[in-house]
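Step one of this worksheet: look at the structure below.
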Amino acid sequence: MLPTKAYAAQSETKPLEPFNIERREPSANDVLLEIKYCGVCHSDLHQARNEWKNSMYPMVPGHEIVGIVTKIGSDVKDIKIGDTVGIGCFVNSCRKCTNCKNGEEQYCANTAFTYNSTDNGVPTFGGYSTQITIDRNYLLKIPAGLPLDATAPLLCAGITTYKPLKTWGAGPGKKVAVVGLGGLGHMAVKIAKAMGAEVTVLSRGEQKKEAAKQLGADQYVATNVAKNIESLAEYFDLVVDTVSAEHDIDAILSTIKLGGVIVLVGVPPEGVKFNAHNIISKRRIFAGSMIGGIAETQEMLDFCAAHKVTADIELIDIKDVNDAYERMEHGNVKYRFVIDCATLN
Ligand code: NAP
Ligand code: ZN
Ligand code: ZN
């Protein structure tokens, strides 16, 4: 086993603190990587604090991992030592079910998530650590030319927004709204623009207006003023809702045109409520989406490389991760914290 430094939550009420874990020696189809950077997703906070009521401790969060290959198993032929690689939200799945065969491994009944999960009975630990061993089949290649720190958030925030934008046809002539301008939201803006859509940010107040324009948004609407929402009645083809807490879904539904779509990607612990009339009366589609499969995540990375899309980040030391959680909880992040994992040493 390989002794590895990490940061863990020991319970839902404790701040994250140093913790020693062990990684497995790479077997024939495994790759060992030195973790360079790991993004801080709001899902890390939800789970570290047991907000989804499914947490296992100790928990080493982190599923936006980029690093450098340091060792490979004997059967791994297409990855070499020194390659830049990434790991997203899961590290294994059954490989036999329909969802796995269709490249939607994230919907397998036996997905091993990168942390707060088990892989063949062994607890998984995430990217707030210095190294990780993973099966080659669940590893992504980071295209040359992408800055590694700003690329880390693509492994969750990037694919989570790319997938529904692609599925629901974001592109030229389509009016897309992004609700919530945080880690996922700012990636959704950049990716939807790269796909050619008209993009509007719906945010709680006026504070992020200039920033949204700089990210490429065509319009910005503060949702805390009722007449702003009214002015958008039946306007959008597609809404991607990234909000992490309870909010007024009915107001957002009113902005969607006949037959248009809202896709929830945010997971408010309180759940969501809406009036059935607001989908029925305009034949609106209420959808959800969870990350993306391995092949599609690779496709997203290649798309982002081609369009020069990466995250806007604040690089932090691991010792500042608890402060980062506090700031994220208050919507005060521009637009993703990324941990410099060298600071774990
Ligand atoms: P984040 O960076 O904290 O952004 C969330 C944004 O939601 C905030 O910036 C804020 O935007 C808005 N918001 C927060 N509290 C709000 C409130 N009380 N009322 C209205 N708006 C509020 O979080 P993230 O990392 O982007 O993650 C967002 C959500 O997606 C989380 O629930 C996370 O667990 C989930 N997630 C889902 C998937 C998936 O596969 N479906 C993957 C990753 C993450 P404004 O300040 O602009 O209003
Ligand atoms: Zn995430
Ligand atoms: Zn499966």
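The values are calculated or read from the model by the stated rules, or taken from the named source; none is laboratory data. Values in this document were obtained by computation on a predicted structure and should not be read as measured data. Cβ placement follows ideal geometry from the backbone for every residue including glycine, while neighbour counts extend to all protein chains displayed. Accessible surface is based on the protein model in full, side chains and every heavy atom, while ligands, DNA and RNA are left aside. Shrake-Rupley method; radii C 1.70, N 1.55, O 1.52, S 1.80 Å.
Out of 260, 266, I need the residue that is modelled with pLDDT of 95 or more, within 21 Å of the chain's Cα centre (by Cα) and not β-branched (Val, Ile, Thr). Which one?
Going through 260, 266 in turn, the sole match is 266.
Looking at residue 290 and the list (1) at pLDDT 95 or above; (2) open to solvent by less than 30 Å² (accessible area, probe 1.4 Å); (3) not hydroxyl-bearing (Ser, Thr, Tyr), which single condition is not satisfied?
The one condition residue 290 does not meet is (2).
Return yes or no: is residue 148 assigned by TED's automatic domain parsing to the domain that holds residue 106, touching a Phe, Trp or Tyr at 6+ places or on another chain (Cβ under 9 Å) and either open to solvent by 30 Å² or more (accessible area, probe 1.4 Å) or at pLDDT 95 or above (or both)?
Yes.
How about segment 94-111: which of its residues are within 25 Å of residue 46 (Cβ to Cβ) and surrounded by 20 or more Cβ atoms within 10 Å (Cβ to Cβ)?
Result: 104, 105, 106, 108, 111.
Kindly evaluate residue 334 against the criterion of being modelled with pLDDT under 95 and open to solvent by 20 Å² or more (accessible area, probe 1.4 Å).
When the stated conditions are applied, residue 334 passes them.
Only one of (1) within 18 Å of residue 33 (Cβ to Cβ); (2) under 16 Å from the mean Cα position of the chain (by Cα) fails for residue 129. Which number is that?
Condition not satisfied by residue 129: (2).
Looking for something over 28 Å from residue 88 (Cβ atoms), in contact with a helix residue (DSSP H, G or I) (Cβ under 8 Å, 6 or more places away or on another chain), open to solvent by 10 Å² or more (accessible area, probe 1.4 Å) and assigned to a strand (DSSP E or B) - is there at least one such residue anywhere in segment 208-225?
For segment 208-225, residues over 28 Å from residue 88 (Cβ atoms), in contact with a helix residue (DSSP H, G or I) (Cβ under 8 Å, 6 or more places away or on another chain), open to solvent by 10 Å² or more (accessible area, probe 1.4 Å) and assigned to a strand (DSSP E or B): present.
Does residue 8 count as more than 16 Å from ligand 3 (Cβ to nearest atom) and assigned to a strand (DSSP E or B)?
yes
Quick one: how many residues across segment 226-243 are within 22 Å of residue 273 (Cβ to Cβ), assigned to a strand (DSSP E or B) and of a type outside the set (Phe, Trp, Tyr)?
The number of residues fulfilling the criteria is 4.
Yes or no, residue by residue, for (1) assigned to a loop (DSSP other than H, G, I, E, B); (2) of a type in the set (A, V, I, L, M, F, W, C); (3) crowded, with 19+ Cβ neighbours inside 10 Å:
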position: 22; (1), (2), (3): no, no, no
position: 27; (1), (2), (3): yes, no, no
position: 33; (1), (2), (3): no, yes, yes
position: 38; (1), (2), (3): no, yes, yes
position: 43; (1), (2), (3): no, no, yes
position: 53; (1), (2), (3): yes, no, no
position: 57; (1), (2), (3): yes, no, no
position: 70; (1), (2), (3): no, no, no
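Quick check on segment 94-122: of everything there that is free of Cβ contacts under 8 Å to residues at least 40 places away in the same chain and in contact with a helix residue (DSSP H, G or I) (Cβ under 7 Å, 6 or more places away or on another chain), which residue is nearest to residue 35 (Cα to Cα)?
So, considering only residues that are free of Cβ contacts under 8 Å to residues at least 40 places away in the same chain and in contact with a helix residue (DSSP H, G or I) (Cβ under 7 Å, 6 or more places away or on another chain), the one nearest to residue 35 (Cα to Cα) is 111.
Quick one: count up the residues across segment 259-285 that are away from ligand 1 (no atom under 14 Å from the Cβ) and surrounded by fewer than 18 Cβ atoms within 10 Å (Cβ to Cβ).
11
Restricting to segment 60-87, give me the number of residues that are in contact with a Ser or Thr (Cβ under 9 Å, 6 or more places away or on another chain) and either of a type in the set (A, V, I, L, M, F, W, C) or within 16 Å of ligand 3 (Cβ to nearest atom) (or both).
The number of residues fulfilling the criteria is 7.
Return the residue satisfying two criteria in turn: it lies in segment 123-137 and is in contact (Cβ under 8 Å) with a residue 40 or more places away in the chain and open to solvent by 10 Å² or more (accessible area, probe 1.4 Å), and of such residues it is nearest to ligand 1 (Cβ to nearest atom).
Top of the filtered list is 125.
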